[in-house]
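Notes for the one structure printed next.
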Amino acid sequence: MLMVENLSTSIGGTPILEGLDLSVGAGEVHAIMGPNGSGKSTFAHALAGRDGYEIGGTATLDGVDLLAMDPEARAAAGLFIGFQYPVEIPGVNNMYFLRTALNSVRRARGEEEIGARDFLAVAREAMELVEMKKDFLNRSVNAGFSGGEKKRNEILQMAIMRPRLALLDETDSGLDIDALQIIAAGVNSLRSPERSVVIITHYQRLLDYIKPDVVHVLVGGRIVDSGDHTLAHYLEDHGYANFVNHDPDSAPGRPLTGTAS
Amino acid sequence: MSIQLTSNWLGTQRTGSDHRSIAPLSSKRGHAMTRTSQEINDLAEASYEYGFSTDLDTDIAPPGLTEDTVRLISAKKDEPDWLLQWRLKAFEAWQGMTEPDWAKLEIAPIDYQALSYWAAPKQKPVLDSMDDVDPEIRDMFDKLGIPLHEQKMLSNVAVDAIVDSVSVTTTFKATLAEAGVIFCSFSEAVQDHPELVREHLGSVVPVRDNYFAALNSAVFSDGSFCYIPSGVRCPMELSTYFRINSQNTGQFERTLIIAEDDAHVSYLEGCTAPQRDENQLHAAVVELVAKDRAEIKYSTVQNWYPGDENGVGGIYNFVTKRGRAHTDAKISWTQVETGSAITWKYPSVILQGDRSIGEFYSVALSSKRQQADTGSKMIHIGADTTSSIISKGISTGRGQNTYRGLVKVMRSAENARNYTQCDSLLLSSDCGAHTIPYIEVKNPTAKVEHEASTSTVGEDQLYYCRQRGMTEEDAMSMIVNGFCREVFDELPMEFAVEAQRLLSVSLEGSVG
Amino acid sequence: MTAQVATSAHSNPLDLHGADRLDDVSRPTKHDDAWRYAPHDLLARLLFGSTTATAQQAPAVAVNRIPQLDGPRIVIVNGVIDVDQSQIAALPDGLRISTFAGSATEPTDPADDVDSGFAADAFLIAIERFGSGGVAIEVTDGHHLDVPIHLVDLVAPNQTRNTPSRSAVVRLGEKSSATIVETRIGTGPVFGGLNTRTSITLESNAALEHILLQNLPETQIHLGRVEVSQHAGSTLRAHSFNLGASYGRVAYEVHLLGAGGQADLSGLYFGTGAQTLDQQITVVHSARDCTSRQSYRGVLDDESTGVFNGGIDVRPGADGTDAQQSNDNLLLSDRAEANTQPRLEILADDVACKHGATVGQLDDSALYYLRTRGITANDARRLLIDAFASQAVDNIESDAVRAWIRARIGASHA
Ligand SMILES: Nc1ncnc2c1ncn2[C@@H]1O[C@H](COP(=O)(O)OP(=O)(O)O)[C@@H](O)[C@H]1O
Ligand SMILES: [Mg+2]
């Protein structure tokens, strides 16, 4: 489904990603882990089409070249990013925002727009999924939300948008255990053979609730290792030190626990 | 969505029964935003939609302003002598006054002698029913989306339509009369209710208040008059629709609204003008009197022709609006100013009675070469008086937007409270935003707060919306509407829809 | 802002030669925003006199009022340097102090106030026409002065020439730093005033702390203007304490001319009796990525009036501007008055500007809380007023100057 090959990204001439390869099949859940500043968010935004990046390599979703498109076209192609730092938009009603987003995507795909009443039903369902209070929809997009509420709002949006590929950037940071479980339940319920999920995280904690098929380690702008979920446990115990400081010529600094996909 | 592009604020397409006059505002929060998503998306033309002119057979006075002009206007309207004398006094005062110093405005000098001070569509002199309205005028209003025909009116809004200087029709008179509400043209009021007019005319905006108020007092031609008796809650929204049609005319209308003790009224005002190359002058005076415990809500959507990209043409909109609030009374001004080459107006409240309340909510947009200089004055005289000012200025193109306001707390105003918030949004590198508040406090128990901010639409906000699938234009429009939300929430539904639509049209081309 | 001032001066070109007071047409009026709350009747009585600078000695009664602060000191009595009272021998390395007669700058043509950068008004012109001269202070490139330079103005007016006018020109070279303290004191009871101009240039990456303490007797009028031109990367910290005079006016106009400059202005005004204390502050952002802060607080008792007219002007192209302004006023008496006009003039779109202004009285619940803890009503008031006022003092960097200012404020409002 998602094919990323030799993706490089630099900002103002400073390279951040250098030759990143990643392939995510339909229905799979992948996790990307890596130390602070290793380029995880940059990867998400390079896929989503944020301005200001110089990009090389290729990235396709269902065979469609993502990198050639505007951000909204990538969204219409089925890409959803759960932002690490969701943006506040004062005065814009959350519900209105979501419906406009959904209908924009539907319109772009030549689908019929969804009416206010039908939308409300869709939104209600999605809200139950993330156990969100009703008044949430009537507040401004992320404005004055707590950190946890913003993250829930991202999941809510994902549940409403029903993307082909959801890339969740540190959606678990700053959440207490209860919120974490709610979010995990939300993600799990959206798992389907047609939908793939990439979870960017620091902690293996979330992966206890959302079992990834593959875990990748992103260090220094490229995927340096991949394995099954036990890799996450390894990282939890040993940190990234063995990946960060290892001599490029020697073998990777951890015993092989799984096979790269 | 049921609202079409051609509809506008006077409510051809009202759905359901969500009508409210001065109902609590909180009940509709959010609706305004959700109702208009499609309209905004659908907007295609950035051009001024109301720029057509209509060939009306018009009775026009020759240009020039002398005492004789004043006498002519008064005679045309068959006015009582006291009113003529009042006009002449105003004219004398005006002659002794100097034009205001345009601190922030770039303005071509106005030749007051080149203007015509009387232009009236010729039609049957007396209107017995709506069917008597000149069909051409009716067509014109239909084109603007304002049906004057009562049968055609779906909405619960009484309309007074003013073309050039003269009120051409007032709808729903009978219904209103049942409730004891007088809603008619100013000229009719002078004939039918002279004692009311005489008592209140000039009582809030004195003749010499400022240059344009004096001019208006001398030459005003018509306007709307509205009287709500004690204890009456006006059964429908009252609305005046202003249209400048003739060339080289000034429009000088006068509005007087009197709400007796415990009376309530919500009043709407809309304005358009044809697209013309020369500047036209609009100098109106609006006076509101809210007696004890009365409430007046006055909403304006002003969309006079703004002129073109090079600043050619457009209306000079110099308006004096002021209300006097007696004990426990409330006056609330809401305005959305997207039109006019120059807007110069400061809707004000004299908070005279104890516990009276004044509010001002404003969205002013300046694009192209538009200049908006607007704000509010809140004069606290009574004890425990409260005022709030929420001003949203949007500048784009080469527009200049100025908030100018005065909050004055007199020594007598124990425990007065004011909160002012002025936010500016700058959408281009050639535009400007200016915030010039005056705050004068003479009572230590007063609490006055002023906050202002200036910002631009964040790249991150646009990107976030686009990641969710919206186009850049839609995202921009949505964010700007969000910026104005607190003000739009104050507008009656039709106006809110119209206001958002106008804003989106004016913003076209602001992206990128 | 300045446009109005300029316009009025503009339409009435001044010819003041031979005159010793500014004639009515040339003076600003209450229609000029910058002079809206000034006592125009008193301003009309100021006599500027003609330019005959003669050495003058501080009157004996005043000498012991000259503040003692470590470091170089320049004492100016009625506009003329008093060498005996000054300490300008053995200056630290990198510091040059000289004096000049007349005006340090070309007379300002009121017509081109935009070009010269700073707004012209009648009193500036009085300095240029009648000024007795002044002092030039220069810190050479790369030098850091660790003691403050103290500039003391002492006014002892006489009947024929009651308003001395003087200038000071300050230049901090690249990467230099210094602290300058300006103190204004006087002797009563004769009516008079002081009219000063301090023109400061901060070369790139220079850092200046400027402190102005205005404590003239309440028979006098204080017209003090400070003009600052800041080049790239320079830093200004200015703190004014506007305490004395019947009309105490402190005007700062700061131009951020080079990228990355920072201007941090704060002030306290503390009015009693029938004083009017007027702060006229403008920060002009003409270059990219500059930061400015204005933070002014007023405490107004008796029948005093506080005025704050503060502007942020962001000129076209000054992208990346980050400017904030606040003005808070405490009214302690029912005859006191606060007038505040926080202005924003924004002509660039990539800016973040904010301002806020408040007028209020002491917080009743805080007073109550303190009193439940056994503090008397009076002490509680004092405590809260001090807390409100101390922000401006706390901002002073130099420990010595801060302690000294604190003592001065305490003394004048015991
Ligand atoms: N807009 C930017 N300009 C310059 N450097 C940036 C920018 N955004 C991110 N970076 C740098 O790129 C690197 C990767 O950042 P990021 O992708 O946010 O890391 P992660 O999400 O893995 O913590 C960091 O060194 C960060 O400082
Ligand atoms: Mg990150």
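The values are calculated or read from the model by the stated rules, or taken from the named source; none is laboratory data. Bear in mind the structure is a predicted one, so any value in this text is a computation, not a measurement. Glycine also receives a Cβ, built like all others from the backbone with ideal geometry; neighbour counts cover every protein chain displayed. Remember, those area values only see protein heavy atoms, side chains included, never the ligands or the DNA or RNA. Shrake-Rupley method; radii C 1.70, N 1.55, O 1.52, S 1.80 Å.
A few remarks follow.
- So residue A:113, is it open to solvent by 20 Å² or more (accessible area, probe 1.4 Å), more than 11 Å from chain B (Cβ to nearest Cβ) and either more than 16 Å from ligand 1 (Cβ to nearest atom) or among the hydroxyl-bearing types (Ser, Thr, Tyr) (or both): no
- Single residue of the range A:32-63 satisfying the filter (modelled with pLDDT under 90, surrounded by fewer than 17 Cβ atoms within 10 Å (Cβ to Cβ) and not small (Gly, Ala, Ser)) that is farthest from ligand 2 (Cβ to nearest atom): A:51
- Residue among C:357, C:338 that alone is outside any loop (DSSP other than H, G, I, E, B), at pLDDT 90 or above and crowded, with 24+ Cβ neighbours inside 10 Å: C:338
- Every condition in (1) within 16 Å of ligand 2 (Cβ to nearest atom); (2) closer than 29 Å to residue B:479 by Cα; (3) surrounded by 21 or more Cβ atoms within 10 Å (Cβ to Cβ) is met by residue A:217 except one, and the failing one is (2).
- Qualifying positions in the range C:153-178 - small (Gly, Ala, Ser) and under 18 Å from residue C:92 (Cα atoms): C:173, C:176, C:177, C:178
- Some residue of the range B:375-396 being buried (at least 24 other Cβ atoms within 10 Å of the Cβ), part of a strand (DSSP E or B), touching a residue at least 60 places away in the same chain (Cβ under 8 Å) and over 17 Å from the mean Cα position of the chain (by Cα): yes
- Scanning the range B:259-281 for residues that are over 25 Å from residue B:330 (Cα atoms) and outside any strand (DSSP E or B), we see that the one that is modelled with the highest pLDDT is B:278.
- Residue in the range C:326-336 that is more than 9 Å from chain B (Cβ to nearest Cβ), within 22 Å of residue B:422 (Cβ to Cβ) and not aromatic (Phe, Trp, Tyr) present: yes
- Of the criteria (1) more than 14 Å from ligand 1 (Cβ to nearest atom); (2) more than 15 Å from the chain's Cα centre (by Cα); (3) not polar (S, T, N, Q), which one residue A:37 fails: (1)
- Test for residue A:85: is it within 7 Å of chain B (Cβ to nearest Cβ), touching a Ser or Thr at 6+ places or on another chain (Cβ under 9 Å) and either open to solvent by 30 Å² or more (accessible area, probe 1.4 Å) or under 18 Å from residue A:153 (Cβ atoms) (or both): no
The rows are residues; the columns are (1) in the same structural domain as residue C:123 (by TED's automatic domain parsing); (2) open to solvent by 10 Å² or more (accessible area, probe 1.4 Å); (3) modelled with pLDDT under 95.
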position: C:222; (1), (2), (3): yes, no, no
position: C:237; (1), (2), (3): yes, yes, no
position: C:244; (1), (2), (3): yes, no, yes
position: C:278; (1), (2), (3): no, no, no
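- Test: residue in the range A:64-75 that is facing another protein chain (nearest Cβ under 10 Å), surrounded by fewer than 22 Cβ atoms within 10 Å (Cβ to Cβ) and more than 16 Å from ligand 2 (Cβ to nearest atom): yes
- The range C:269-304: number of residues that are touching a helix residue (DSSP H, G or I) at 6+ places or on another chain (Cβ under 8 Å) and more than 26 Å from residue C:257 (Cα to Cα): 3
- Residue check for residue A:175: open to solvent by less than 10 Å² (accessible area, probe 1.4 Å) and more than 15 Å from ligand 2 (Cβ to nearest atom): no
- Test: residue in the range A:12-31 that is surrounded by 15 or more Cβ atoms within 10 Å (Cβ to Cβ), free of Cβ contacts under 8 Å to residues at least 60 places away in the same chain and either within 30 Å of residue A:229 (Cβ to Cβ) or more than 9 Å from chain B (Cβ to nearest Cβ) (or both): no
- A single member of C:297, C:293, C:373 is more than 10 Å from every other protein chain (Cβ to nearest Cβ), touching a Leu at 6+ places or on another chain (Cβ under 6 Å) and of a type in the set (D, E, K, R), and it is C:297.
- Residue count for the range C:170-198, restricted to those that are among the small types (Gly, Ala, Ser) and modelled with pLDDT of 95 or more: 4
- Taken together, A:156, A:129 contain a single residue that is open to solvent by less than 60 Å² (accessible area, probe 1.4 Å) and closer than 28 Å to residue B:458 by Cβ, which is A:156.
- Helices (runs of 4 or more DSSP H) enclosed by the range B:172-234 - at least 1 residues per element that are under 29 Å from residue B:116 (Cα atoms): B:186-192, B:194-200, B:211-219
- Answer residue from the range A:40-53, given it is over 21 Å from residue A:187 (Cα atoms) and under 14 Å from the mean Cα position of the chain (by Cα) and is farthest from ligand 1 (Cβ to nearest atom) among those: A:49
- Only listed residue being in a loop (DSSP other than H, G, I, E, B) and either out of contact with any Leu (no Cβ under 8 Å at 6 or more places or on another chain) or in the same structural domain as residue C:222 (by TED's automatic domain parsing) (or both), chosen from C:147, C:152: C:147
- Residues that are of a type in the set (S, T, N, Q) and open to solvent by less than 20 Å² (accessible area, probe 1.4 Å) were ranked within the range B:431-452; the one that is farthest from the other protein chains (Cβ to nearest Cβ) is B:443.
- 2 or more residues within 15 Å of the chain's Cα centre (by Cα): qualifying helices (runs of 4 or more DSSP H) within the range A:187-245: A:205-209
- Residues considered: A:173, A:250. Of these, the only one that is modelled with pLDDT under 90, under 28 Å from residue A:56 (Cβ atoms) and in a loop (DSSP other than H, G, I, E, B) is A:250.
- Residues in the range C:246-254 include at least one that is of a type outside the set (Phe, Trp, Tyr) and part of a loop (DSSP other than H, G, I, E, B).
- If you check A:200, A:183 for being within 16 Å of ligand 2 (Cβ to nearest atom) and under 20 Å from residue A:236 (Cβ atoms), only one passes: A:200.
- Subset of the range B:404-430 [within 8 Å of chain C (Cβ to nearest Cβ), farther than 21 Å from residue B:445 by Cα and surrounded by fewer than 24 Cβ atoms within 10 Å (Cβ to Cβ)]: B:427, B:428, B:429, B:430
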